[in-house]
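Asker: Can you read through this structure? Questions will come right after.
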Amino acid sequence: MSIPIQYTTAEQALSIIKSNQRLFVHGSACTPLFLMRKLAEQAPRLKNVELVFITVLGDLEVQKPQYQDSFHINCMFVSAPIREAVSEGRADFIPVFLSDIPDLFKKKILPIDVALVHVSPPDIHGYCSLGASVDIARSAVNTAKYVIAQVNPKMPRTHGDGLIHVNSFSHMVYHEEDLPEVNYSENTTDTELTIGKYIAGMIENGSTLQMGIGTIPDAVLRALNNHKDLGIHTEMLSDSVIDLFEKGVINNRKKRIHPNKAVTGFAIGTRRLYDYVHDNPAINFLDIDYVNDPHVIRRNPNMVAINSAIEVDLTGQVCADSIGAVQFSGIGGQMDFMRGAALSEGGKPIIALTSRTKKGVPRIVPCLKEFAGVVTTRGHIHYVVTEYGIAYLYGKNLRQRAKALIDIAHPDDRESLTQACFERFKQF
C-alpha cells in the first residue's frame, strides 16, 4: 500500500523561511536550483539569511550582488558558482575538514534552521533518497528544524544512508529538471594522462582507491584497465569508474570493510553516471563523517589516495585550496584521505599535479604564494607525482625533499629552483 503524498508550491514551502535564519543547501549534483531560483524571488521580504553548503553546481541565483542584503553565503568549499562572490567579499569561507562538517551541525556550532534538499520521488513505503549527494546532507537533515524537499524524478535513488521518509519533510515541492553535469574526461590533457599512467603503475592489484575532484584522478582511472580486484572507498565518484566496474576491474572483493561494495559520499559526472548509480546495490552512498574518517579509511589495506594540488613548495607543503589570497576551493577531504591512506597497511597517499599550469606558471615552487593556504602539511606528504616522475618525500630531510621535487619539476624551472635551494639550505 503506497503512502499518500502531499505536494505544495515552492512559494508555500519557502514561506516558512524567516530573516536571520541559517539555511543548509544541498550540494553537488543535488543542488536544488529550482528552489534557489524561487528563494531569490523571496528576497524582498528577507534579510540576513545565511546559506551554508559545500560544493554547488549550476547558476546559483542568490549569489548575485542584488541579493546580498537578503542572503549571505557562508560556505565550506568554494566552487565555481560562488568564487566571484567570495573574492568580492560578498560571501565567506569556513576552512574545515570535510569529515568534521557534520559535527558543526550536530554540536550546534552551525545550527540549521531550514535544510533545502533535492531528492528522488518516494517509494511505496514513503522513502525518498538524497540521491547523488549524501555527504553532509544526511547530518543537515537530521539536525535541521525544518526540511524542504525538491522532489525530482531525474534524481537517482541511491543505496546507503540517504533514505528519508516523507514524514521528515516539512514541505515537498515536485519539480522535474535535469541535474547539473560535469565531464572530466573531455578536459583531460595528454600531460594529465601521462601522470595517470605513472600513478597507475604505483597501484597494486587488490588496492582500494580514493579519487579527489578533477581531471588527474579521472586520468588515473582511465589507466587502470589491466588491473584486478580494485575497490572503491572515496568521497566522490566520477564517470570513469563505470567502465572499470563493467570490466570487473573494480569488484571490491579485497576490501576489509564493506567488501563487495563501493563506498562514496557523492557523485559528480554526466547523466550516464547518475543512471549508473540509480538503484545500484553495489554502491553505497554514506554519511561523510564515516566515509572520510581516517580511522575508517585506514582499515582497508593498500589504500591509495589520489588528490590534486595548486602548488607544492620545496619542503613539501601542499596548497590545494587557494591561489595566493584568492580562495579557489576548500580543504575538502584531501587531508582525511591523505592521513587515512598513510595509516593503511601498504597505503599510498599521493599528490598529483602538472609541473606547470596551462598558462605556463610553475607549480613546484621555492615557497608558496603569499597568503596561500597549506592543506596537506609537509609532515603528512608522502608521494608527489608530475608528468616528469614520482618524488617520494616521506622520511627525507628538507634538502633531500627539495632535490626530489626539483627532479620532477618542469625542466625550464629546475635551474631557478636549484638556485633557490642553495640560497635557503646553503648547500645542495
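Asker: Using the reciprocal of the averaged 1/r over all distinct C-alpha pairs, how large is the Kirkwood radius of the chain in Å? Present the calculation step by step, with values, prior to reporting the outcome.
Answerer: Numbers: mean 1/r = 0.0450 Å⁻¹.
Kirkwood hydrodynamic radius for the chain: 22.2 Å.
Asker: Quick one: helix 414-425 against the long Cα principal axis of the chain, what's the angle to the nearest 10°, folded into 0 to 90?
Answerer: Compared with the principal axis, the helix lies near 80 degrees.
Asker: Using the crude model of +1 on Lys and Arg Cβ and -1 on Asp and Glu Cβ, and no other charge, please compute the dipole size for the chain relative to its Cα centre, in debye to 20.
Answerer: On the way: 44 positive and 46 negative charges, 220 e Å.
With Lys and Arg at +1 and Asp and Glu at -1, about 1060 debye.
Asker: I'd like the GluC sites (Glu not before Pro) in region 359-420 restricted to DSSP loop residues with at most 14 other Cβ atoms within 10 Å, sorted by number. Intermediate results must be reported in sequence, preceding the final value.
Answerer: Details: sites: Glu370, Glu387, Glu415; in loops: Glu370, Glu387.
Here the GluC sites (Glu not before Pro) that fit, given the DSSP loop and packing criteria, are Glu370.
Asker: Test of understanding: ordering His171, His410, His125 by Cβ neighbours within 10 Å, fewest first, what list do you get? Working shown, then result.
Answerer: Values: His171 20, His410 17, His125 11.
Starting with the residue having the fewest Cβ neighbours, the order is His125, His410, His171.
Asker: Another question, if that's okay. Kindly provide the chymotrypsin sites (Phe, Trp or Tyr not before Pro) of region 365-413 that DSSP labels as loop, not H, G, I, E or B, and whose Cβ sees at most 14 other Cβ atoms within 10 Å. Working shown, then result.
Answerer: On the way: sites: Phe371, Tyr383, Tyr388, Tyr392, Tyr394; in loops: Phe371, Tyr388, Tyr394.
Passing sites in region 365-413 are Phe371, Tyr394.
Asker: Let me ask something else. Between Glu246 and Leu343, what is 0.36 nm times their sequence separation minus the Cα-Cα distance? Round to one decimal in nm.
Answerer: 31.9 nm
Asker: Continuing with this model, one more query. Rg/Rh for region 185-425 to two decimals, with Rh computed the Kirkwood way over all alpha-carbon pairs. Display every interim value, and only then the final one.
Answerer: Numbers: Rg = 17.5 Å, Rh = 18.0 Å.
Over the Cα atoms of region 185-425, Rg/Rh equals 0.97.
Asker: Take every Cα-Cα distance within region 10-174, group them into 5 Å bins from 0 onward, and report for each bin the whole-number percent of pairs it holds.
Answerer: Per 5 Å bin, starting at zero, the Cα-Cα P(r) for region 10-174 comes out as 2, 9, 20, 24, 22, 15, 7, 2, 0, 0 percent.
Asker: If you bin the C-alpha pair distances of region 1-42 every 10 Å from 0, what whole percents do you get?
Answerer: 22, 48, 24, 6, 0
Asker: Hand me the GluC sites (Glu not before Pro) from region 40-116 located in a DSSP loop with no more than 16 other Cβ atoms within 10 Å, in residue order please. Present the calculation step by step, with values, prior to reporting the outcome.
Answerer: On the way: sites: Glu41, Glu50, Glu61, Glu84, Glu88; in loops: Glu88.
Listed in order of number, the matching sites are Glu88.
Asker: Rounded to whole Å and ordered largest first, report the semi-axes of the equivalent ellipsoid of region 302-366 derived from its Cα gyration tensor (root of 5λ). Display every interim value, and only then the final one.
Answerer: Working: eigenvalues 109, 35, 19 Å².
After diagonalising the Cα gyration tensor, the semi-axes are 23, 13, 10 Å.
Read the figures in this text as sums done on the coordinates, not as results from a lab. Note that the coordinates shown come from a computational prediction; the quantities given were computed from them, not determined experimentally. A quick note on method: Cβ atoms are made from the backbone with ideal geometry, for glycine too, and the neighbour counts reach across all protein chains shown.
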